[in-house]
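Participant: Handing you a structure now.
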Amino acid sequence: MQKLQSSFVALISVFFFWGFVAASNGILIPLFKQKFILTQFQSQLVDLAFYAAYAIGSLIYFFTSRASGDPINKIGYKKSLILGLLISASGSLLFIPAASLNSYPFLLCALFIIGLGFALQQIVANPFVINFGDKETGAQRLNLAGGINSFGTTIGPVVLSYALFGNINTPDTGSGGLEQVKTPALILFLLFMLCASILWFSKLPSVANSEKLDKDLGALKFPQLKLGMIAIFVYVGVEVTIQSNLGALLAMPEIKGLDHTHISHFISLYWGSLMIGRWTGSLAVFNFKRGTKLLMQFVTPLVAFGVICCVNYLRGSNVSDYVLYIPYILIASLIFVFSGENPARTLLILSLTACAMMVLGLVTTGNLALYSFISGGLFCSVMWPCIFALAINGLGNYTSQGSSLLVMMILGGAIIPPFQGFLVDTFNPHTSYIITVVCFAYLAWYARKVKSIFKKQGIDYIEAPAAH
């Protein structure tokens, strides 16, 4: 039993790594921008390198599977997961010579390799979690893993910022920024290796995919999938771009006038907002009585918010103005209560509310604008499962193919942030957030469009839980 518990801890720790590294990019972007004297577009190549790796890794897997069979089935899920960890470990180790050489392209290559390992881990880890015990409780374990991922996104910016700049009240703004990247990179390498070692000696459940793979792209004949692929592209892109350009926004005097050494607690709050929504959304998997569930839908967000406050307070951040964010949390809680467990309705309401918040951020300044933009994290939090459920509904034998095509659309995280960076350079950071309005508007349109698509196809309208 002890070995099984340690194996499960090692398994779900990969979800933590995904969140920790992805959220930490928000700290690296302004740091690299200053050290290498980059434009905002050039600094956004951090996201391009990291998220393009997901897409390229998924494409490699997709075409290899259709040419010669599923490679993961051939070498085994356990060995594939360990291989993914070793690839990411090698990428984190490359940060050390890249920092010594003061090379931005080398640093981007290191990030790309970490992301390539993550792509393989993504494909393998989810089935492992589901099969690690009774199938009936697989969804609960996956929600636990999602919560671990969100915790990683919350503390990642705080921990990395502390390693690079020290206490927020007495930051080290000297020239050692890039040299100080080496220590967290080495620690990350050791953690990857430790996790891989534990998994190597662990007894993990047997997982295999016996489904026959279609060599054609028949899934693309379904409009809900084609439009859903664009929706995933847009969703991942807007989720990433809000925080990736937050450093530039916070530097504006009319917003906060902060330099890159003082922004980590705002980036942490943004990613923590996704944790708030996902913890709340996961309540759907528990059999609470109606009254208890209603109470928990308001208590859970505040508990998650308390965790965010504690993490940042312990780092030395002044979190007193976080109180201004509570109304946004309450709005999100009301939406979760009202939308129920209908993915189309949930996606529509969240997208329209996010649109309104982005417009509010564009027409105001100061804390009102800042927290309106950050609230995008609350409304993005459970969009992924909503879009995914709608996009693969009615695909039949093409469901597996459709799922792999949707995962490839994580590419949006590589394209939309640099495009916003171009808008920052062309106009200003504040105005550049117009891109978020366009993204959320498309997601609202997709939520409406998909219902008419299902009606034309004569298939049952999906009523799946919207929880992640």
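Participant: Given the criterion touching a Pro at 6+ places or on another chain (Cβ under 9 Å) and either modelled with pLDDT of 95 or more or within 17 Å of Met275 (Cβ to Cβ) (or both), identify the matching residue among Ile329, Ile374.
Facilitator: Going through Ile329, Ile374 in turn, the sole match is Ile329.
Participant: Continuing with the same structure: Condition first: among the β-branched types (Val, Ile, Thr) and in contact with a Gly (Cβ under 9 Å, 6 or more places away or on another chain). Now tell me which residues in segment 74-121 satisfy that. Full working, then the answer.
Facilitator: Here is the first cut: in segment 74-121, the residues among the β-branched types (Val, Ile, Thr) are 75, 82, 87, 96, 113-114.
Hits for segment 74-121 are Ile87, Ile113, Ile114.
Participant: Could you list, ordered by first residue, the pairs with Cβ atoms under 6 Å in which the first is in segment 263-283 and on the phi > 0 side of the Ramachandran plot and the second is buried (at least 24 other Cβ atoms within 10 Å of the Cβ) and in a helix (DSSP H, G or I), at least 6 apart or interchain?
Facilitator: none
Participant: Let me ask something additional. Being under 21 Å from the mean Cα position of the chain (by Cα), of a type outside the set (Gly, Ala, Ser) and over 30 Å from Pro418 (Cβ atoms) narrows it down to one residue among Val307, Val323, Val311; which is it? Lay out the reasoning, then the answer.
Facilitator: On the way: Val323 fails: under 21 Å from the mean Cα position of the chain (by Cα); Val311 fails: over 30 Å from Pro418 (Cβ atoms).
Exactly one of Val307, Val323, Val311 is under 21 Å from the mean Cα position of the chain (by Cα), of a type outside the set (Gly, Ala, Ser) and over 30 Å from Pro418 (Cβ atoms), namely Val307.
Participant: So in segment 415-436, with the set limited to residues that are buried (at least 18 other Cβ atoms within 10 Å of the Cβ) and among the aliphatic types (A, V, I, L, M), which one is nearest to Lys33 (Cα to Cα)?
Facilitator: Only one residue tops the list, namely Val424.
Participant: Condition first: among the aliphatic types (A, V, I, L, M), assigned to a helix (DSSP H, G or I), in contact with a helix residue (DSSP H, G or I) (Cβ under 7 Å, 6 or more places away or on another chain) and surrounded by fewer than 19 Cβ atoms within 10 Å (Cβ to Cβ). Can you find one or more residues in segment 286-300 that meet it? Show your work before the answer.
Facilitator: Taking segment 286-300 and keeping what is among the aliphatic types (A, V, I, L, M), we get 294-296, 299.
Applying the additional criterion that residues be assigned to a helix (DSSP H, G or I) yields 294-296, 299.
Narrowing the set further to residues that are in contact with a helix residue (DSSP H, G or I) (Cβ under 7 Å, 6 or more places away or on another chain) leaves 294, 296.
When the remaining residues are screened for being surrounded by fewer than 19 Cβ atoms within 10 Å (Cβ to Cβ), the result is 294, 296.
Yes, segment 286-300 has at least one match.
The values are calculated or read from the model by the stated rules, or taken from the named source; none is laboratory data. Computed from a predicted structure; not experimentally measured. With ideal geometry, Cβ positions are generated from the backbone for all residues, glycine too; neighbour counts draw on all protein chains shown.
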